[in-house]
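Student: Please read through the structure below; I'll follow up with questions.
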Amino acid sequence: MSTTTHAAEFVTLLKSLRAVRQFADKPLPPDAVRDIHEVIRWSGNASNRQAFQVLWVENRSTLRRLSELPGYAKHLAGAAAGAVIVSLLDSDELNAFDEGRISERIGLAALAHGIGSSIGMLTGDGRKEAARLLGLPAAHAVRTTVSLGYPAEGALRGGRRKPVEELVKTLA
């Protein structure tokens, strides 16, 4: 395979990532989970400190309870698994940066296996309540989640995008 062909396939994968918020009742295969975990391990992060931990949740009751917390993570309720990112840096800006990188990579690794995902965010009291629910020390809070599962029938929508010229401007 030529480099050009390989690049084209990779760019196609990147462009095909969509938020999936409705999932089929089907477990994730162990090899896909293992690959996602390895991608988490190799994800870039602030100063390469790896000052984070990802809690992998497959318990449906826990996923449902997390989905009910304040924020934008209701899709966890129907997911086969959820990745809850716990950031350990003292800087909220660096934590947000790391969480964004890790969550996007989780979604891409899942997509490579045909698994859908959606990034979620807990807000307000939901952040501390999630930490309590997950048995984390009191000093920890949770913001970013990723729901994962095979897309339910009709769950894949979207693809509407503005023209690239409206989004990307080249400065002279």
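Values in this text are rule-based calculations from the coordinates and carry no lab data. These numbers come from a predicted model, not from an experiment. Here Cβ is always computed from backbone atoms with ideal geometry, including for glycine, and neighbour counts include all displayed protein chains.
The rows are residues; the columns are (1) in a loop (DSSP other than H, G, I, E, B); (2) more than 23 Å from Gly149 (Cβ to Cβ).
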residue	(1), (2)
Thr4	no, yes
Ala8	no, yes
Thr12	no, no
Leu17	yes, no
Val33	no, no
Arg41	no, no
Ser47	no, yes
Ser61	no, no
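Student: In the range 73-97, which residue that is crowded, with 24+ Cβ neighbours inside 10 Å and not hydrophobic (A, V, I, L, M, F, W, C) is nearest to Ala155 (Cα to Cα)?
Tutor: So, considering only residues that are crowded, with 24+ Cβ neighbours inside 10 Å and not hydrophobic (A, V, I, L, M, F, W, C), the one nearest to Ala155 (Cα to Cα) is His75.
Student: Please enumerate the residues belonging to the range 105-134 that are surrounded by fewer than 16 Cβ atoms within 10 Å (Cβ to Cβ) and either of a type in the set (Asp, Glu) or touching a His at 6+ places or on another chain (Cβ under 7 Å) (or both).
Tutor: Asp125, the sole residue that qualifies.
Student: Scan the range 36-46 and tell me whether some residue there is free of Cβ contacts under 8 Å to residues at least 60 places away in the same chain and among the hydroxyl-bearing types (Ser, Thr, Tyr).
Tutor: no
Student: Here's another thing I want to ask about it. Please find, among Ala96, Ala131, Ala110, Ala138, the residue that is part of a loop (DSSP other than H, G, I, E, B) and either over 17 Å from the mean Cα position of the chain (by Cα) or within 25 Å of Gly44 (Cβ to Cβ) (or both).
Tutor: Ala138
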